[in-house]
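Laboratory data are not the source of any read-out in this text; all were calculated from the coordinates shown. Quantities reported herein were computed from a predicted structural model and do not represent experimental measurements. Cβ placement follows ideal geometry from the backbone for every residue including glycine, while neighbour counts extend to all protein chains displayed.
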Amino acid sequence: MKRRQWLGLGVSGGSSLLLGSCALNGLSEAVGNATQPLNERIEALMQSRNPVPEFRRDQVDPDALLVNSFNGVPRLDPLRYRLRVDGLVSQPLNLSLADLAALPQHDFVIRHVCVEGWAAIVAWSGVRLADVLSLAGISSLGGYLAIDSADQYFSTWDIATALHPQTLLATGMNGAPLPVVNGAPVRLATPIKLGYKLSKWVTRLEVIASLEPRRGTWEDKGYEWFAGL
């Protein structure tokens, strides 16, 4: 069965097994907590490491990407910016924008999907997150990636998504440098996660063994953790 058919079964049956993006309470919270591990396993199985089909450049609509921020728009000095990569890695990193620019660069025209119901086709450019994590050397004990942002936003990812060939640490958007309101100097972009997983103003990547005690800013309020597409 295709992923959209699975999702359709969940929606038409009123089930929260496959996609639960809103805060839960009461009995629904208990049901959600009980089914979430199964939910995440099913979503992970539906995804693969193969590239997702991309769009044409002429399909990009710059006005379609709305700006959401958790705690205002931080202003980071590009010359002083550093991306920390640490945790369960063999070689912790402290990367400047020049360091990131020296790595192989990639361009992907992919769809950004927001849990609020809108979507936008965006041309992102930057370095593959997998390349950065490869430089750091992920320990066999590392199962997840914790992501800190300058606006105090926090999220965690599964390692498979972090290593997907179309997951970027984006520094450019639609053929120009990444705008500050969209997460400059560095943000995450991937076609296989919902928008609230795509952290902006990223300052630290930490490889961790478990998700406790925090899963993410919105995830800890009841939003689905895996949030796959």
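Measuring from a point 7 Å past the Cα of ALA209 along Cα-to-C-beta, which residues in the stretch 63-94 have an amide N at less than 19 Å?
86-92, by backbone N distance to the label point.
DSSP loop (so not H, G, I, E, B), at most 14 other Cβ within 10 Å: list which trypsin sites (Lys or Arg not before Pro) in the stretch 58-147 pass both filters.
On the way: sites: ARG75, ARG80, ARG82, ARG84, ARG111, ARG128; in loops: ARG75, ARG80, ARG82.
When the trypsin sites (Lys or Arg not before Pro) of the stretch 58-147 are filtered for loop state and at most 14 Cβ neighbours within 10 Å, ARG75, ARG80, ARG82 remain.
How large is the Kirkwood hydrodynamic radius of the stretch 53-221, counting all unique pairs of alpha carbons, in Å?
On the way: mean 1/r = 0.0625 Å⁻¹.
Kirkwood hydrodynamic radius for the stretch 53-221: 16.0 Å.
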